[in-house]
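Visitor: The structure follows.
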Amino acid sequence: MYEIRIHSRGGQGGVTAARLLALAAFRDGKYATACPFYGAERRGAPVVSFVRIDDHPIRVYSQIRSPDLVVVLDSSVMETVDVLQGLKEEGTVLINATHGMDVGGYRTYSIDLTGIALRENLVVAGSPILNTPVLGALAKMDIVSVESVTSAISEMFSDERNVKAAQAAFQELVI
Amino acid sequence: MLTIATGNKAVAAAIKEIRPDVVAAYPITPQTEIVEQIAEYVTSGELDSRYIPVESEHSAMAACIGASVTGARSFTATSSHGLFYMHEMVNWAAGGRLPIVMANVNRALGPGWNVWAEHTDSLQERDTGWLQVYVSTVQEAYDATLMAFRIAEHHDVLLPVMINLDGFTLSHIMQSLETVELGDFVPPINLPYAIDTASPRGYGTLTGPNDYFRFRWDMERSMRDSVAVIRETEDEFARRFGRSYGFTEDYHCDDADVVVVSMGTIGKEAEVAVDQLRREGMKAGSMRLRWLRPFPDLDLSGRDVVVIDRDYSFGFGGVLAQSLKAKCGVDPFSVIAGLGGQEVTYDDIASFVRDRRIGEEHWFGVSD
Amino acid sequence: MTEIPKEEYILKCTSACAGCSSSLILRYVLKAAGEDTVLVIPACCTSVIQGIYPNTAMNVPIYNVAFAAAAACASGMSEAFAKAKKKTNVIVYAGDGGTVDIGIQALSGAFERNTNFLYICYDNEAYGNTGMQRSGSTPTGARTTTTPGGKMHAKKDLAGIVAAHNPPYLATACSAYPMDLFKKVKKALSIEGPKFIHVLAPCPPGWRYPSEQTIEVGKLAVKSGMWILYEREYGKVTINGPSKAAMIKPIPIEDYLSVQGRFKGITREAVDMLKSQAEKTAKHLKLEEEGIC
Ligand SMILES: Cc1ncc(C[n+]2csc(CCOP(=O)(O)OP(=O)(O)O)c2C)c(N)n1
Ligand code: SF4
Ligand SMILES: [Mg+2]
């Protein structure tokens, strides 16, 4: 089972990113679950979501304690949250940043998702939408296939800019 | 069609398939998505139900009652404080023999405010005359909602049915969902004694002790008869749609020396614990209770029983543990766990089994 | 000039959304009420933004209670304080849903019984806590998650309903006019009996406008006449300055609607309904102020 923990702030689309990722994995023919951990917080507070991907039905509902991959959509949450908590030794980090980052000695991929969202004009109520671009990066990392990312995004959103943003991220991420 | 959905969305999708005449509901965390999705279906024209955006849950159930007694099919959904606020009408629906279906998203009760999973809300409604089923996956939430209408409206039953799903843990998780085309699986509703101006009757009129007593006995008889209707409905569902259910979901119970009994999502997590314990050489099994009312006959004799209650009856004990004691003559290790959304992992469940103290009660994380 | 006290009773660490006017309103309410005050809060955004146990962002006792129960609970508190000869202010701070919908029975009962308390309804025109579903106070045409095509029904006339109970003091206010609100709370608390203040509370995520425009949106509501600031003391109506000015020279209500995403795609009929409702309310209040009706 491959376990992913996504860190973001309420309103940034971390929960939707988790759902899109599960949908894409599902379109790849895998079993997948996505569950947000909801605190009683309002917009702007740090939130985490969990995605599990497996070849067998998934019967675990509790939170992910030792993820294989940590995705950080907003690096400012790292000031208050230990995003690396429980990350497996051979685990990976994907972080939304304008420059390359080394996080705690883990294999780390950085990509400017915010920049991509702004370029594609994916902005809702003043905040750039990160949930679709991040899927492109995850496809590049081979977590899910790029075809499934495209179909998952088009299933959930009619606006084509979302698919374009994901494609841009796929191109941009250096592996 | 195979898709992916949350527990809440699965319930709404089932409602879209069932097409109730009237839906009356009031939002409450973590049920809100059901109400929102149904409102969306109605607005877009995908569902031609009359949707009543009531001002409280008391009114939600009252509106369902008003609709139902005319012979219409009605549905509502709620959770925790919403369920308590409608409690008077919850009784009324059952006593009025109205086959209303309600989804309850299990949540703890205040104070202090807590929006996370716990079963005490629906368990406090266990004596109202509603049938109650507890589900553990998105698929099961969908399937159980479809079956609920057929069971409730069956003339041997004519009692309301409550589908219970764990708040957040199930209501908000996304899993795969296979939707079905219902065909004639749920026959058109045909309520005997529906309101009809051509044959005027008084409903709920002042009733003396003897008649009243007989009505209560009728309810109990129907509750007993519902066992066969549930079986027959689940069998027919399996035949048509290929997924079978029962009063319990048993996992490696046949040869088990120790059985974990629980309800809801913890019951799924318990299966993972059983795999772990079996790897360690322990003959463990898991029995997830699905139907709490009517309460099934369970054979648990000759083995150790560990019961996980996500609920509590103060001064009495875990409701499930006490029910098993009374109904099955077992003396379980009673674990109270998961109240207010407390995390209970398969590791925790495995350790309940390893460290079981038969006949005792244990509050996970706070006692000893 | 009235001085607003420096004391803060609501700490900056609330978990309210950026640009939340409801927490701003509460800040001024507490500054006006002072420390000898108890807040009674039914389920609403305020039950969340005050923080999670064991923390609280409030510096006065705050009693959280079930959604429908605030006014009744406050009745008990008020009578108990009276019995103990205490002068403590009992203030219900409730959302529109907890007031016009599920809480209206308790509200009506408390006003009919002449309970000595202040009831403040902060009106963000939807159920904010649960993620913006319609309430009885949502205006016609506004999109919420349960009215995705825009609300068909009209906004309840809450002030009218409360006025029918003939309370000694009733006022409306708006978060964009904090001094006006402050004075109204002060005045209300100087009066015995049931007092009511209905405060318009623009809400960025619910009304869908950028959070830094919260004050502007509140001002547009008043300037367009969609929200009228007035007081009703022992039945006598006084329309307050900003609304007086707006009645002489209102800005088009479209200026108020167009800055909010929730009114996107609103139909002409819905706009006309909002307009005629606003005009009717203004006309009625003016006649009342002049003592004509
Ligand atoms: C009996 C009951 N029903 C439903 C709820 C869920 N609930 C909590 S707050 C809320 C909406 C509150 O809306 P409003 O009063 O307008 O306050 P706001 O959240 O907008 O501040 C709802 C529906 C509840 N807590 N209790
Ligand atoms: S939803 Fe609106 S009222 Fe509630 S905390 Fe956010 S801004 Fe304030
Ligand atoms: Mg509100």
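Since every read-out is calculated from the coordinates, none of them should be taken as a lab result. Bear in mind that the values here come from a model prediction, so they are computed numbers and not experimental data. Cβ atoms come from the backbone with ideal geometry, glycine included; neighbour counts cover every protein chain shown.
Visitor: Top mean-square fluctuation among B:ALA284, B:ALA321, B:ALA238, Gaussian network model of chain B, C-alpha springs under 10 Å?
Guide: B:ALA238
Visitor: Sticking with this structure for a sec: Starting from 0 in steps of 10 Å, tell me what percent of the Cα-Cα pairs of the protein assembly as shown lands in each bin.
Guide: 2, 12, 21, 23, 21, 14, 6, 1, 0
Visitor: For each pair in C:LYS83/C:LYS187; C:LYS183/C:LYS264; C:LYS184/C:LYS283, compute the distance between the two Cα atoms and list the pairs where it is over 30 Å. Before the final figure, lay out the partial values.
Guide: Details: C:LYS83/C:LYS187 24 Å; C:LYS183/C:LYS264 35 Å; C:LYS184/C:LYS283 23 Å.
Too far apart for the 30 Å limit: C:LYS183/C:LYS264.
Visitor: Among B:MET89, B:THR76, B:ALA321, flag the residue with its Cα farthest along the positive direction of the charge dipole of chain B, charges on Cβ as +1 for Lys/Arg and -1 for Asp/Glu.
Guide: The listed residue farthest towards the positive side: B:MET89.
Visitor: Shifting gears a bit: Could you work out how much longer the chain between A:VAL124 and A:HIS99 gets when fully extended? Use 0.36 nm per residue separation minus the Cα distance between them, nm to one decimal. Could the numbers behind the result be given before it?
Guide: Working: separation 25, 0.36 × 25 = 9.00 nm, distance 2.44 nm.
Difference between extended and current length: 6.6 nm.
Visitor: For the peptides C:45-52, C:166-173, A:56-63, what is the packing order when you average, over each peptide's residues, the other Cβ atoms within 10 Å and list the highest mean first?
Guide: On the way: C:45-52: 21.2, C:166-173: 22.9, A:56-63: 17.8.
Packing proxy ranking, top to bottom: C:166-173, C:45-52, A:56-63.
Visitor: Using just the C-alpha positions of chain A as equal point scatterers, what log10 of I(q)/I(0) does the Debye formula give at each q in 0.14 1/Å?
Guide: Cα-only, vacuum Debye calculation for chain A: -0.66.
Visitor: Amide H neighbours of B:VAL260 under 5 Å, counting only residues 5+ apart in sequence or on other chains, H built in-plane at 1.01 Å?
Guide: Counting only residues 5 or more places away or on other chains, the set is B:GLY285, B:SER286, B:MET287, B:VAL306.
Visitor: Go ahead and run the numbers for FRET between B:THR207 and B:GLU343, Cβ-Cβ distance against an R0 of 60 Å, rounding to 0.05. Don't skip to the end; give the middle numbers.
Guide: Working: r = 48 Å, r/R0 = 0.81.
Given R0 = 60 Å and the Cβ-Cβ separation, E is 0.80.
Visitor: How crowded by other chains is B:37-49, given as the mean number of beta carbons from other chains within 10 Å of each beta carbon? Mind dumping the intermediate values first?
Guide: Details: counts 2, 1, 8, 4, 1, 3, 6, 2, 0, 0, 0, 0, 0.
That average works out to 2.
Visitor: Also, I was wondering about something else. Relative contact order (percent) for the stretch B:79-199, with alpha-carbon contacts under 8 angstrom and 6 or more residues of separation?
Guide: Details: 194 pairs, mean separation 35.5, N = 121.
Answer for the stretch B:79-199 is 29 percent.
Visitor: Evaluate the Debye formula for the stretch C:176-220 with equal point scatterers sitting on the alpha carbons, no solvent, and hand back log10 of I(q)/I(0) at q = 0.16, 0.18, 0.19, 0.32 Å⁻¹, in q order, two decimals.
Guide: -0.54, -0.63, -0.66, -1.13
Visitor: Let me ask something else about it. Taking N as the number of residues in the stretch B:248-363, what is its Cα Rg relative to 2.2 N^0.38 Å? Before the final figure, lay out each step's value.
Guide: On the way: Rg = 12.7 Å, N = 116, 2.2 N^0.38 = 13.4 Å.
Ratio of Cα Rg to 2.2 N^0.38 Å: 0.95.
Visitor: On to the next question. Could you please state, rounded to a whole Å, how far the C-alpha centre of the stretch B:200-221 is from the C-alpha centre of the stretch C:149-226?
Guide: Cα centroid of the stretch B:200-221 versus Cα centroid of the stretch C:149-226: 50 Å apart.
Visitor: Which of the lysines could be linked to A:LYS30 by a straight reach, that is with a Cα gap under 29 Å, when you skip same-chain ones fewer than 8 residues away?
Guide: Excluding near neighbours in sequence, the set is A:LYS88, A:LYS140, A:LYS164, B:LYS9, B:LYS16, B:LYS268.
Visitor: Taking the mean number of other Cβ atoms within 10 Å as a proxy for protection, how do you rank B:6-13, B:48-55 from highest to lowest? Each step should come with its number before you reach the end.
Guide: Details: B:6-13: 27.6, B:48-55: 18.4.
Result, highest mean first: B:6-13, B:48-55.
Visitor: Here's another thing I want to ask about it. Given a 10 angstrom Cα cut-off, can you work out which residue in A:GLY14, A:GLY126, A:GLY136 is the most mobile in a GNM of chain A?
Guide: A:GLY126
Visitor: Please report B:ARG221, B:ARG354, A:ARG27 as a ranked list, fewest other C-beta atoms within 10 angstrom at the top and most at the bottom. Walk me through the numbers on the way to the answer.
Guide: Numbers: B:ARG221 11, B:ARG354 14, A:ARG27 19.
Going from sparsest to densest Cβ surroundings: B:ARG221, B:ARG354, A:ARG27.
Visitor: Measuring from centroid to centroid over Cα atoms, what is the spacing of the stretch B:128-186 and the stretch C:29-79 in Å?
Guide: 38 Å
Visitor: Take the eigenvalues of the Cα gyration tensor for chain B, scale each by 5, and report the square roots as semi-axes in whole Å, largest first.
Guide: Numbers: eigenvalues 228, 102, 79 Å².
Value: 34, 23, 20 Å, ordered largest first.
Visitor: Can you give the longest stretch of chain C with no exposed loop site, where a site means GluC sites (Glu not before Pro) in a DSSP loop (not H, G, I, E or B) with at most 10 other C-beta atoms within 10 Å? It would help to have the intermediate numbers written out before the result.
Guide: Numbers: sites that count: C:GLU3, C:GLU7, C:GLU192, C:GLU290.
It runs C:8-191.
Visitor: Given the options C:SER211, C:SER190, C:SER21, state which has the largest fluctuation in a GNM of chain C using a 10 Å cut-off (strictly under) for Cα springs.
Guide: Sorting by GNM fluctuation, first place goes to C:SER190.
Visitor: Here's something else I'd like to know. Whole angstrom only: what separates the Cα centroid of the stretch B:21-96 from the Cα centroid of the stretch B:332-347?
Guide: 31 Å
Visitor: Charges only on Cβ, +1 for Lys and Arg, -1 for Asp and Glu: so what's the dipole of the protein assembly as shown about the Cα centre, in debye to the nearest 20? Present the calculation step by step, with values, prior to reporting the outcome.
Guide: Values: 81 positive and 99 negative charges, 561 e Å.
Using only the charged Cβ atoms, the result is roughly 2700 debye.
Visitor: Taking the Cα centre of the stretch B:232-351 as origin, work out the dipole magnitude from +1 charges on Lys and Arg Cβ and -1 charges on Asp and Glu Cβ, in debye rounded to 20.
Guide: On the way: 14 positive and 22 negative charges, 51 e Å.
The calculated dipole for the stretch B:232-351 is roughly 240 debye.
Visitor: Tell me, what HN-Hα J-couplings in whole Hz come from the Karplus equation 6.51 cos²θ - 1.76 cosθ + 1.60 at θ = phi - 60° for each residue of the stretch A:61-76, using x for Gly and Pro?
Guide: These are the phi-based 3J(HN,Hα) values: 10, 6, 5, 6, 9, 10, x, 8, 9, 10, 10, 10, 7, 9, 5, 5 Hz.
Visitor: Near the amide H of A:THR92, under 5 Å away, which other amide H atoms are found, from residues 5 or more places off or on another chain, if H is placed in the peptide plane?
Guide: For A:THR92, the qualifying residues are A:LEU69, A:VAL70.
Visitor: Give me a comma-separated list of calculated 3J(HN,Hα) values for the stretch A:139-155, in order, Karplus coefficients 6.51, -1.76, 1.60 applied at θ = phi - 60°, integers in Hz, x for any Gly or Pro.
Guide: Couplings: 5, 4, 7, 6, 6, 9, 7, 5, 5, 5, 4, 4, 6, 5, 5, 5, 5 Hz.
Visitor: How large is ³J(HN,Hα), in whole Hz, for each residue of the stretch C:151-156 in order, when computed from phi with the Karplus curve 6.51 cos²θ - 1.76 cosθ + 1.60 and θ = phi - 60°, using x for Gly and Pro?
Guide: 6, 8, 8, 7, 6, 5
Visitor: Amide H of A:PHE37 versus every other amide H placed in the peptide plane: which residues, excluding those fewer than 5 positions away on the same chain, fall under 5 Å?
Guide: A:VAL48, A:SER49, A:PHE50
Visitor: Right, another one. What is chain C's relative contact order, in percent, from Cα pairs under 8 angstrom and six or more apart in sequence?
Guide: 17 percent
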